[in-house]
Amino acid sequence: MKPLADQRILVTGASSGLGRALAVKLASEGAQVIATARREDRLRDLADAHTGIEPRVLDLMNADAIAAFCASVGSLDGAVLNAGVTAVERFLDGADISDAAMVDTNIMANVRLARALAEPLNGGRLVLVGSLAGLVALPYQAVYSGTKAFIQNFGLALRAEWAGRVNVGVFAPGGIKTEMTEIEALSKLQGALADVDTVAGDLFRFYCSGKALRVPGASNRAAVMAAKFLPRPLLSQLMKRVYRP
Ligand SMILES: NC(=O)c1ccc[n+]([C@@H]2O[C@H](COP(=O)([O-])OP(=O)(O)OC[C@H]3O[C@@H](n4cnc5c(N)ncnc54)[C@H](OP(=O)(O)O)[C@@H]3O)[C@@H](O)[C@H]2O)c1
């Protein structure tokens, strides 16, 4: 892998939370970061506050915009496909529009980006941000949990298929204190959420490591171990108690 100071790295979902913190970390290490999201004012503030960050507005629910972006982005050394959305609610209270936003943003956008970036990323590193919710099925986030299970299998399948071409990895964090979790439905879990800069530091090290899969945090890794030894339906029953609205 090239030294970071010589790398051009794409980070999606860089207007807040984990993506923003990672963009800052990568730029502070000397990388040239292409930071994307929909909120232009947030991206501009980020680029004004840190050297080495190029803001690019990109709505990941727009397939044409993704194609145009990828055609114009130029050669990349890395990409961290981090943008994502969730909804925490009883499945029957959900709506088609938010289900479609989760499937489009968390799944289809990453599939489209991965295919279109295969050439610009040749010889580089691609990290997909999944979630612990992709490894342990979460009641009240059924659609989100399904999209993140997709990311895990998609990423690991691509890793094998693209060995020697693009180094693919999946980063699967548990709860983090970000805009995504600043919601009433998760109010009782606030004390258990990880600090975003700490998780971004872990994501940064994972990006540099070239490894396949990372679950940051000892308690999250314990949950993954439990998923190996406990029957999965039992684990989801336990999760139901934690996440019950
Ligand atoms: N927070 C957690 O507890 C947690 C746990 C496990 C995994 N994760 C994963 O970590 C990643 C980052 O989440 P976060 O916690 O940092 O959430 P966040 O603060 O809400 O940030 C989400 C980012 O995604 C961008 N985004 C959402 N929809 C988009 C769209 N249609 N087009 C372009 N950008 C879009 C948002 O930017 P704009 O709104 O400006 O477009 C924002 O920058 C997600 O993949 C999430 O699933 C989070």
So the angle from the long Cα axis of helix 63-72 to the longest Cα principal axis of the chain, reported in degrees to the nearest 10, equals 30 degrees
Rounded to one decimal in nm, the spacing of the 7 Å Cα→Cβ label points at CYS208 and ALA68 is 3.7 nm
Using alpha carbons only, how many degrees (0 to 90, rounded to 10) separate the axis of helix 196-209 from the longest principal axis of the chain? 60 degrees
Lysines whose Cα lies under 19 Å from that of LYS2, excluding same-chain neighbours fewer than 8 positions away: LYS25, LYS211
Note down the Stokes-Einstein diffusion coefficient of segment 125-245 in µm²/s, whole number, using a Kirkwood radius over alpha carbon pairs, 20 °C, and 1.002 mPa s. 142 µm²/s
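Can you tell me, using C-alpha contacts under 8 Å and at least 6 residues apart, the relative contact order of segment 4-243 as a whole percent?
Values: 448 pairs, mean separation 44.9, N = 240.
Dividing the mean separation by the residue count of segment 4-243 yields 19 percent.
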Long-range tail of P(r) for segment 4-243 (Cα pairs > 31 Å, %): 18 percent
Taking amide H positions as placed 1.01 Å from N in the peptide plane, with prolines and chain starts having none, which residues 5 or more places from GLY169, or on another chain, fall under 5 Å of its amide H? LEU126, VAL127, LEU128
From the cross-link list LYS188/LYS240; LYS148/LYS188; LYS177/LYS228, which pairs have alpha carbons spaced over 20 Å apart? LYS148/LYS188; LYS177/LYS228
Across segment 48-61, in residue order, what do the Karplus-derived ³J(HN,Hα) couplings come to in whole Hz, using 6.51 cos²θ - 1.76 cosθ + 1.60 with θ = phi - 60° and x for Gly and Pro? 5, 7, 9, 6, x, 10, 9, x, 9, 6, 8, 8, 6, 8
Convert each backbone phi in segment 95-103 into a coupling constant with the Karplus relation 6.51 cos²θ - 1.76 cosθ + 1.60 (shift: θ = phi - 60°), then list the ³J(HN,Hα) values in order as whole Hz, x for Gly and Pro. 10, 3, 5, 7, 4, 5, 5, 5, 5
Could you give me the ³J(HN,Hα) list for segment 141-153, computed from phi with Karplus coefficients 6.51, -1.76, 1.60 and θ = phi - 60°, whole Hz, x at Gly and Pro? 9, 4, 5, 4, 4, x, 5, 6, 5, 4, 4, 4, 5
Within the accessible area of the chain (1.4 Å probe), percent carbon and sulfur: 54 percent
Around VAL166, with a cut-off of 12 angstrom between Cβ atoms, what is the net charge of the other residues, counting Lys and Arg +1 and Asp and Glu -1? +1
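Tell me, what is the per residue accessible area of the chain in Å², probe radius 1.4 Å? All intermediate terms of the calculation are to be shown ahead of the outcome.
Working: 11540 Å² over 245 residues.
Roughly 47 Å² per residue, with all protein chains present.
The values are calculated or read from the model by the stated rules, or taken from the named source; none is laboratory data. On a predicted model such as this, the values are computed, not experimentally measured, just so you know. Cβ atoms come from the backbone with ideal geometry, glycine included; neighbour counts cover every protein chain shown. Areas reflect the complete protein model, heavy atoms only, side chains present, ligands, DNA and RNA absent. Shrake-Rupley method; radii C 1.70, N 1.55, O 1.52, S 1.80 Å.
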